[in-house]
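Quick notes on the structure that follows.
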Amino acid sequence: KGEEHYMIEISESKLSIKGSTQKALFYGLKTLDQILLGDVCNTANKQIAPIRIDDEPRYGYRALMLDPARHFLPLEDVKFYIDQMAKYKYNILQLHLTDDQGWRVEIKKYPKLTEIGAKRIEGEGTEYGGFYTQEEIKDVVKYAADRFITVIPELELPGHEMAAIAAYPELSCKGEQGTPRIIWGVEDIVMCAGKEEPFKFLEDVIDEIAPMFPSEYFHIGGDECPKISWKECPLCQKRIQEEGLKGTKEHSAEERLQSYFVQRMEKYLAEKHGKKIIGWDEILEGGLSPTATIMWWHTWSPNAVPEATAQGNHAILSPNANFYFDYQQDKNSLPGVYNYNPMPESLSDAQKALILGIQANLWCEYIPSFERAQYMIMPRMMAMAELAWSDPSVKSWDGFKERMVKQFPRLN
Ligand code: ACM
Ligand code: ZN
């Protein structure tokens with residue numbers, strides 16, 4: 001039995017919770033909580049019926065991602081969110097700390113990241129901003145750890161970096177002055193892969209971020225990096241030449257340059273900080289490092305997980321069609337989460353064993369308030385929790401709906 005396995009026994013005279021770790025006992029208590037609230041079984045007449053529960057999760061990676069880069073979430077809101085996650089036995093929170101539209105973490109060596117990069121001018125001409133100090137980050141990481149949730153930082157590279165480039169223009173190919181992006185969507189200006197400055201900058205930033213997060217993993221982003229500026233940049237082209245990054249049938253030279261960039265940062269994270277990397281599935285393009293974990297989000301590229309796991313890489317599933325909680329809810333969205341099959345029969349048993357788990361993302365472009373965030377997350381996060389935890393043999397859509405509806409008064 002794993003470190004998350006627990007047992008509950010309730011008889012006429014005795015209630016016991018057993019587990020071999022504190023984490024397991026914590027999950028036992030969370031289930032007891034649900035029993036007492038009447039969420040999992042009938043507590044009519046204020047009596048708890050005798051019950052025996054022998055339980056452990058299907059996946060060790062049960063995750064949600066928050067995006068305070070697009071709309072900032074104050075620390076209290078993140079903590080509230082962590083409490084909700086703990087209630088449903090999630091164990092990973094990914095914080096998307098940097099993006100084109102905002103830089104949200106204090107870096108002492110580069111104060112302009114928050115002086116300039118954490119602020120943008122909204123359509124009405126008003127300034128919008130916010131960031132977490134290092135003390136606040138440590139506080140929230142501990143708050144989560146006390147609830148057996150690991151916080152994983154995401155530092156986007158080499159794209160989605162306009163907020164940093166606005167603060168330090170020399171990081172881009174052309175070094176032009178700019179501002180954090182004031183509209184949604186992906187910025188064409190990215191970190192130069194030919195200069196050495198961006199690598200040094202990212203190493204320094206990692207030196208401050210990594211020690212605040214005791215997680216085994218560090219998320220390097222890696223998604224949606226347009227190659228326009230690299231194609232035109234003499235220094236990027238020189239790097240391509242020097243590194244022998246020839247275009248192939250599968251990958252352009254610039255895609256291979258991105259792979260060079262990611263693998264250099266991976267090596268730094270491993271050697272200096274003992275961290276493994278996770279990257280969005282674009283890290284497959286240009287050649288996947290054998291030690292990286294991919295986070296699959298392109299539902300429309302169904303080969304990413306078969307390809308990565310065939311190469312022996314770990315994968316975390318976050319298909320946008322099902323697990324993007326910022327997408328509108330309709331009659332298909334909830335069953336689309338609950339009934340999702342992360343282990344299609346087309347994968348071999350060895351490949352299935354490389355799937356660490358699942359993650360839902362809440363991208364916050366259109367989520368300006370915590371009320372909106374909660375509205376979008378619920379009840380999908382309950383369906384996700386059950387998909388992540390329960391063996392398919394015990395899942396029941398009708399049973400889920402019945403248990404879900406009982407919780408509506410509390411959610412309201
Ligand atoms: C992503 O949605 N760009 C990972
Ligand atoms: Zn360049």
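The values are calculated or read from the model by the stated rules, or taken from the named source; none is laboratory data. What you see is a predicted model; the values in this text were computed from it and never measured. With ideal geometry, Cβ positions are generated from the backbone for all residues, glycine too; neighbour counts draw on all protein chains shown.
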Out of Tyr268, Tyr324, Tyr260, I need the residue that is within 16 Å of ligand 2 (Cβ to nearest atom), at pLDDT 95 or above, more than 23 Å from Leu347 (Cα to Cα) and hydroxyl-bearing (Ser, Thr, Tyr). Which one? Tyr260
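With within 16 Å of ligand 2 (Cβ to nearest atom) and either among the hydrophobic types (A, V, I, L, M, F, W, C) or surrounded by fewer than 22 Cβ atoms within 10 Å (Cβ to Cβ) (or both) as the only criterion, which of Ala164, Ala144 stands out?
Numbers: Ala144 fails: within 16 Å of ligand 2 (Cβ to nearest atom).
None of the other options fit; the residue is Ala164.
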Any chance Glu232 is within 16 Å of ligand 2 (Cβ to nearest atom) and surrounded by fewer than 20 Cβ atoms within 10 Å (Cβ to Cβ): yes
Of the conditions (1) part of a helix (DSSP H, G or I); (2) away from ligand 2 (no atom under 15 Å from the Cβ); (3) over 30 Å from Tyr61 (Cα atoms), Glu203 clears all except one; give me its number. (3)
Flag for Met404 being modelled with pLDDT under 95, part of a helix (DSSP H, G or I) and within 22 Å of Gln84 (Cβ to Cβ): yes
Leu284 in contact (Cβ under 8 Å) with a residue 12 or more places away in the chain, closer than 20 Å to Gly312 by Cα, away from ligand 2 (no atom under 16 Å from the Cβ) and surrounded by 15 or more Cβ atoms within 10 Å (Cβ to Cβ): yes
Taking the stretch 44-85 as the search range and keeping residues that are of a type in the set (Gly, Ala, Ser) and within 16 Å of the chain's Cα centre (by Cα), which one is surrounded by the fewest Cβ atoms within 10 Å (Cβ to Cβ)? Gly60
Scope the stretch 127-149; condition among the β-branched types (Val, Ile, Thr) and either at pLDDT below 95 or under 21 Å from Gln22 (Cβ atoms) (or both); matching residues: Val140, Val141, Ile149
Those residues that are modelled with pLDDT of 95 or more, among the acidic types (Asp, Glu) and more than 13 Å from ligand 2 (Cβ to nearest atom), I need them from the stretch 243-256; list them, please. Glu243, Glu255
Helices (runs of 4 or more DSSP H) contained in the stretch 72-150 and holding at least 3 residues out of contact with any Pro (no Cβ under 8 Å at 6 or more places or on another chain) and closer than 24 Å to Gly279 by Cα: 75-87, 134-145
When the residues of the stretch 154-180 are filtered to those that are within 15 Å of ligand 1 (Cβ to nearest atom) and not in a loop (DSSP other than H, G, I, E, B), which remaining residue is farthest from Met191 (Cα to Cα)? Glu154
Limited to the stretch 182-193, what total is found for residues that are in contact (Cβ under 8 Å) with a residue 60 or more places away in the chain, surrounded by 20 or more Cβ atoms within 10 Å (Cβ to Cβ) and within 16 Å of ligand 1 (Cβ to nearest atom)? 1
Among the residues of the stretch 198-227, write down those that are exposed (fewer than 15 other Cβ atoms within 10 Å of the Cβ) and more than 13 Å from Leu155 (Cβ to Cβ). Lys200, Pro211, Pro214, Glu216, Pro226
